[in-house]
Amino acid sequence: MENRAVDLSAIERIEAARTAQITGAARPAKVVAEGVDVYYGAKHALKDVSVDVPDRGVMAFIGPSGCGKSTFLRCINRMNDTIPSCRVTGKITIDDQDIYDPALDVVQLRARVGMVFQKPNPFPKSIFDNVAYGPRIHGLSTNKTELDQIVQMSLQKAGLWEEVKDRLQDSGTSLSGGQQQRLCIARAIAVSPDVILMDEPCSALDPIATAKVETLIDELRSQFCIIIVTHSMQQAARVSQRTAFFHLGTLVEEGPTQLIFTNPKDQRTQDYITGRFG
Amino acid sequence: MNEHIVRSYEEELKLLDRRMAQMGGCAEKLLGQAIDALERRDPSLAESAVASDATIDQLEREVQEQVIIMIGKRQPLANDLRHIMTVLKIAGDLERIGDLSKNIAKRALAVAGESYPKPLMTGMRHMTEMVQSQLKDVLDSLTELDANKALKVWHEDQQVDAMYNSLFRELLTYMMEDPRNIGLCTHFLFGAKNIERIGDHTTNIAENVYYLVHGVPIAEDRPKGDSTSSTLFTAR
């Protein structure tokens, strides 16, 4: 029909305007991946992934189990280095610095790229020491007062301070699951990282604890570049500004979260988020 | 389209579509009955039209309830989300179409005892046929998810508006000719306005079908043909 041509250009215009509005498109990219391939031995786990992750925002990685989203997440702080059969090719930069540069200190990299795991994993130490651990080993404080300040600020940012300020010497493992996860987030932000990676941070938490962690993520995004892997579509929709869908090792579609969840372009994305294949 | 992994979700969507199809069918039938009753001055047909509006209202309540339950239970996304929200809005339009048709049937009851000149009905019949065909096409576009068909309906509504304009003038002329016609013509005028409004609801449905298919609204201003609300007609 002759009206179609007119309509499509209008659609593109609307989408462009919306995209700029939702994602703050002018924001510079923090993490840039170009043509990343990952092999576990002979298995080609991640195929030619290229994506820009903007600073000061949350990007969600979604996709079925085994799609490569966690593998990709682990490339960003080089956790895959610990797996002997794993081989990574392509380029990943953080602030234009190649993180696979042989001259790069991996320990320093992991201080810049914090990680929060699926199951809360506090050290079997006091709440204080859990948070103070990173700043101590990276020498971020020169005296006790400074360290106290870092610990307090990190716990405050993680929304945990009010709940634990009178029991900082209690063991981190004595906290509830949700509190432990927020303690792990406090531990991650104590070293002032640039990027925080979260691998299903709420899948072991009840809905209330999940809501608290999601609120926290929403507050932290003004200061950090956050990447979250989640199996909960609703969670991705709630906390992220951009969403990337992985399937069978490829990045199928990446875009503003609002568009991905209301009007995805790729049929595979549509099928996955509407529950049409698993 | 692939089926949902959760079969009961798939069944719920199909049930929703069935209810919509049923509602659409009822609305079409009600409009046809109302206009036939007006043309034939058939009070019993008019009464049965008035009574059958209750079925549409009932269906709308069922659709609303089902949509709310599905949002709570399934948290639909992407095309499912658009599907469910669109159906809810379309159900509202169909319910209004039912009300407007019922209003025509009531007017048919009011004027059933009058005799009126044949040309009065010709324009009315013609306009109704246009709207009926629009309504049929838009309901088909919903079932077939055919955005182009919906867009065509959307564009063609201005013909209905133009028809309403001319009917409006015609009725005014009859009233000016003989004040005894005023009562009857007023009923016809409101009847014609109702049909014009049904056309508008039909275009709303078309807009929703387009959104359902493409995920973005129609990006044009709709051509409007009804100028009666901005025109003053005076007897000379």
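Throughout, read-outs are computed from the coordinates displayed, never taken from laboratory work. Fair warning: this is a prediction, and the values are worked out from it, not measured in the lab. Cβ atoms come from the backbone with ideal geometry, glycine included; neighbour counts cover every protein chain shown.
Observations
- Residues located in the stretch A:204-216, provided they are touching a residue at least 24 places away in the same chain (Cβ under 8 Å) and more than 14 Å from the chain's Cα centre (by Cα): A:Ala204, A:Leu205, A:Asp206, A:Ile208, A:Ala209, A:Thr210, A:Lys212, A:Thr215
- Matching residues, the stretch B:198-217, being over 14 Å from B:Lys89 (Cβ atoms) and within 14 Å of chain A (Cβ to nearest Cβ): B:Val213, B:His214, B:Gly215, B:Val216
- Checking every residue in the stretch A:86-100 against the condition of being surrounded by fewer than 17 Cβ atoms within 10 Å (Cβ to Cβ), in contact with a Ser or Thr (Cβ under 9 Å, 6 or more places away or on another chain) and acidic (Asp, Glu) gives zero matches.
- Selected residue [more than 14 Å from every other protein chain (Cβ to nearest Cβ) and out of contact with any helix residue (DSSP H, G or I) (no Cβ under 7 Å at 6 or more places or on another chain)] from B:Thr128, B:Thr122: B:Thr122
- Every test in (1) more than 10 Å from chain B (Cβ to nearest Cβ); (2) in contact (Cβ under 8 Å) with a residue 40 or more places away in the chain is passed by A:Glu253 save one, and that test is (2).
- Checklist (1) among the β-branched types (Val, Ile, Thr); (2) farther than 16 Å from A:Pro120 by Cα; (3) part of a strand (DSSP E or B) applied to A:Ile196, failing item: (2)
- Residue satisfying condition, being in contact (Cβ under 8 Å) with a residue 12 or more places away in the chain, of a type outside the set (Phe, Trp, Tyr) and away from chain B (no Cβ under 14 Å), within set A:Ile260, A:Ile189: A:Ile189
- Condition check for A:Val213: more than 24 Å from A:Val36 (Cβ to Cβ) and either within 14 Å of chain B (Cβ to nearest Cβ) or crowded, with 20+ Cβ neighbours inside 10 Å (or both): yes
- Top-ranked residue of the stretch B:66-108 - restricted to ones that are basic (Lys, Arg) and within 14 Å of another protein chain (Cβ to nearest Cβ), ranked as surrounded by the fewest Cβ atoms within 10 Å (Cβ to Cβ): B:Lys73
- Selection of the stretch A:192-203 for residues being under 18 Å from A:Arg238 (Cβ atoms) and touching a residue at least 60 places away in the same chain (Cβ under 8 Å) yields A:Ile196, A:Met198, A:Asp199, A:Glu200, A:Pro201, A:Ser203.
- The listed residues are A:Gly159, A:Gly134, A:Gly139, A:Gly178, and the only one of them that is of a type outside the set (S, T, N, Q) and surrounded by fewer than 17 Cβ atoms within 10 Å (Cβ to Cβ) turns out to be A:Gly139.
- A single member of A:Phe245, A:Phe277 is more than 9 Å from every other protein chain (Cβ to nearest Cβ), over 20 Å from B:Met85 (Cβ atoms) and either among the acidic types (Asp, Glu) or not in a helix (DSSP H, G or I) (or both), and it is A:Phe245.
- When each of A:Val58, A:Val88, A:Val107 is tested for being over 15 Å from the mean Cα position of the chain (by Cα) and assigned to a strand (DSSP E or B), the lone residue that passes is A:Val88.
- Any chance A:Gln234 is surrounded by fewer than 20 Cβ atoms within 10 Å (Cβ to Cβ), more than 13 Å from A:Lys157 (Cα to Cα), out of contact with any strand residue (DSSP E or B) (no Cβ under 7 Å at 6 or more places or on another chain) and not hydroxyl-bearing (Ser, Thr, Tyr): yes
- Residue match in the stretch A:135-158 (condition: at positive phi and more than 23 Å from the chain's Cα centre (by Cα)): yes
- Output for the stretch A:118-171, where each listed residue is farther than 12 Å from A:Leu183 by Cα, aliphatic (A, V, I, L, M) and part of a loop (DSSP other than H, G, I, E, B): A:Leu140
- Filtered residues of the stretch B:131-152 (kept if under 17 Å from B:Leu100 (Cβ atoms) and either within 14 Å of chain A (Cβ to nearest Cβ) or among the basic types (Lys, Arg) (or both)): B:Lys136
- Taking the stretch A:245-278 as the range and being more than 17 Å from A:His231 (Cβ to Cβ), buried (at least 18 other Cβ atoms within 10 Å of the Cβ) and among the acidic types (Asp, Glu) as the test, the residues that pass are A:Glu253, A:Glu254.
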